[in-house]
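Just so you know, all these numbers are worked out from the coordinates, no wet-lab data involved. None of these values were measured; they are calculated from a predicted model. When we count neighbours, we look across all protein chains shown, and the Cβ atoms used for this are built from the backbone with ideal geometry, even at glycine.
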């Protein structure tokens, strides 16, 4: 294995170990007030919408039992709100990082409880320069729109949000957004409406 490949692989292992360490103080266990304080708000008098970026919800790794590949997964909520109409467009951002010889997975949709399937928009795709058949480092980030009916169902059930992330390669992963995160995120949106843009 070339030196740059070994370095990439070691960096991925280090990244995975760091994620495992962060899991102990996962955002998922924080209070709504703590979540609200961690939401970034981007606004100016030149924009028609405010942008809200939630803190990373969770860090986790999944090991495929037969291929022996490890996937590191992070996710968060992102939203925009039209300042005139108040209409909100919310999205689930999911970042998946893995190292293997099998290539791209092309994550393209999310399945929600009840069977609703929503297509995913690719945001970033990154890979290391490597020869065919060699172990490579891959990264895909996608955005899944949280349609109003999804959020309404979450509000009704008070059970949080659960989604299965699907790929063309057949790989899938389940991510969860706890209710405390949802309360905190939308509370930050409500609080920011009274602030003056700069």
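Points to keep in mind about this one:
- Set the Cα radius of gyration of segment 32-112 against 2.2 N^0.38 Å, with N its number of residues, and you get 1.45.
- Taking a ≥ b ≥ c as the square roots of the eigenvalues of the Cα gyration tensor, an a/c ratio of 1.5 or more together with a/b no larger than b/c marks segment 136-198 as oblate.
- Size of segment 62-165 from its Cα atoms: along the principal axes, largest to smallest, the extents are 51, 31, 18 Å.
- Sorted peptide list for 51-63, 161-173, criterion being average Cβ within 10 angstrom, highest first: 51-63, 161-173
- Gyration tensor (alpha-carbon) shape descriptor, segment 30-74, a/c threshold 1.5: oblate
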